[in-house]
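Laboratory data are not the source of any read-out in this text; all were calculated from the coordinates shown. Here the structure is a predicted model, which is why all the values come from computation and not from measurement. Neighbour counts run over all protein chains shown; Cβ positions are idealised from the backbone, glycine included.
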Amino acid sequence: MNEYDSNRIFDLAKKINYQKTESIGEADCYVLNTCHIREKATEKVYHDIGRVKKEFKNRKKPIVVVTGCVAQAEGEVLLKKEKYIDAVIGPQSYHKFNNTLIKLEKNTKKINFTEFDVADKFDNLNIIKNSDSNISTFITIQEGCDKFCKFCVVPYTRGPEYSRPVKEILEECRVVVGNGAREITLLGQNVNAYNFEGKKLSNLIYEISKINELKRIRYTTSHPVDFSQDLINIYNQTEKLMPLIHLPVQSGSNKVLRNMNRKHTIEEYLNLVDILKKINSSIKFSSDFIIGYPGETDKDFKDTLNLLKKVQFINSYSFIFSPRPGTPAFKMSQIDHNTSKKRLLIFQKTAEEIKIKYRKSLFGKKLRVLFENRSGKSNQFFGRDEHSNSVIAESDFNLKGEIKNVQIINGNHNTLFGEVNSKIGQNNHAA
Ligand code: SF4
């Protein structure tokens, strides 16, 4: 979401004649768009500002703006602690970005915008055309969260759930497809809680799938509790919806899930996985895991390992529990860090074995790949298959924006290598 937000901040700043620069030393304005989900996020802000200070030593300083969830969470504290920062703008106040810059160009009074006026933000951003021209791009459809998992800062930094109007999203989808996009990932902290005047995520996917030149639709991140029957059914109704579901589970233990306030059991999660696989046998899953959550015993950890093996997630993102200030879990009694580290290593080794086995199973297979850009050598093209695996193939023709059948020859940890099967790959439509 920060990638989408950064692009939209840039679209705004362009309106008042700012351009992107690759070099810090050239900047008139330095924007640090931050994420607060992991530990030490605030320290990283101070560290980064230190780099800018060094660069501009003995020179007129640039305007320095901190945006994103650290700005939201820390607000005034950042401005007081680091005088080099001129403004903090929380995620729901980006529409005030240009006025902030204009004011700061004229005087040096510090500015703090950290209110939750998300509807106002999108009303203002809609006026400005999304200039993103990537083949695969993101569009935010929903922000905020009402779930209040005990470890998570999102309800405090992004605010309550808000769904953008269908019409507004469809318009933005048409704009990015006009710019060249062939794949759109719909974003939301709780994307499948999307509900605009009774229209749900499934309705939205169906409407978006009618855009002709758009070949692929994805969405992230979903909560198991919000996986309603209509969303399950949509996997049978449009082939443009890709069969990889990122479905965070966090732990394989019911006791830990309760302590996290995740609102579902492992049995319910596994049932959902089964139902989805039955409706579309090519569906695969990826997930997030927190290792060493307060109260996690050896038995709870074994349950998590068992779940990992049972579902055979093709990608598992795992982290040691990181207490976030202001959340209920911050005050809970922490488990021994070395124990968490050992468990994380065991978890990641198992997840890696599953991933390697899965990737090897793709060798020799034909995958439908949407090519996004040239990679390294001039005749090499980078793309992704339906399950988002990175694929590189050679071609004398420009494959950018095309879907081709690729015969996978081999691969390494991150990338599969294959050959474009031109006979079968003539057809440029989604699988
Ligand atoms: S559902 Fe997701 S975004 Fe919402 S509180 Fe839980 S972890 Fe955070």
| task | Quickly rank 177-184, 49-56 as a protection proxy: mean count of other C-beta atoms within 10 Å, highest first. | result | 177-184, 49-56
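If packing is taken as the mean number of other Cβ atoms within 10 Å per residue, what is the order of 205-214, 185-194, 160-169, highest first? Don't skip to the answer; put the middle values down first.
Working: 205-214: 16.4, 185-194: 22.7, 160-169: 18.1.
Result, highest mean first: 185-194, 160-169, 205-214.
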| note | When the charge dipole of segment 2-116 is computed with +1 at the Cβ of Lys and Arg and -1 at the Cβ of Asp and Glu, the Cα pointing farthest to the positive end, of GLY50, VAL70, LEU12, is that of GLY50
| said: Using the Cα centre of the chain as the reference point, and only Cβ charges (+1 on K/R, -1 on D/E), how large is the resulting charge dipole? Debye, rounded to the nearest 20. | reply: 900 debye
| said: From the C-alpha coordinates alone, can you work out the Kirkwood hydrodynamic radius of segment 83-175, in Å? | reply: 15.2 Å
| remark: Note to self, the chain gives a 222 nm [θ] from helices alone (DSSP H runs n ≥ 4, -39500 (n - 2.57) apiece, / all residues, nearest 500) of -10500 deg cm²/dmol
| query | So which chymotrypsin sites (Phe, Trp or Tyr not before Pro) in segment 347-397 end up in coil per DSSP with only 14 or fewer other C-beta atoms within 10 Å? | reply | PHE363, PHE397
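Which of the DSSP-defined H helices in the chain satisfy a minimum axial length of 30 Å, computed from C-alpha atoms, and a minimum mean Kyte-Doolittle hydropathy of -1.0?
337-362
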| note | Taking a crude spin-label model, label points 7 Å out from Cα along the C-beta direction, the ILE128 to LYS302 distance in nm is 5.5 nm
| said: If you split all Cα-Cα distances of segment 1-138 into 10 Å bins from zero, what percentages do you get per bin, shortest first? | reply: 11, 43, 37, 8, 0
| request: Calculate how many DSSP beta bridges within the chain are antiparallel, expressed in % of all such bridges and rounded to the nearest 5. | output: 40 percent
| Any idea how far the Cα center of segment 6-24 sits from the one of segment 79-113, in Å? | 15 Å
| task | Determine the sum of side-chain charges near THR100: Lys and Arg each +1, Asp and Glu each -1, restricted to other residues whose C-beta is under 12 angstrom from that of THR100. | result | +3
| query | In a shell of Cβ-Cβ distance under 14 Å around GLU207, excluding GLU207 itself, what net charge do Lys and Arg (+1) and Asp and Glu (-1) give? | reply | +2
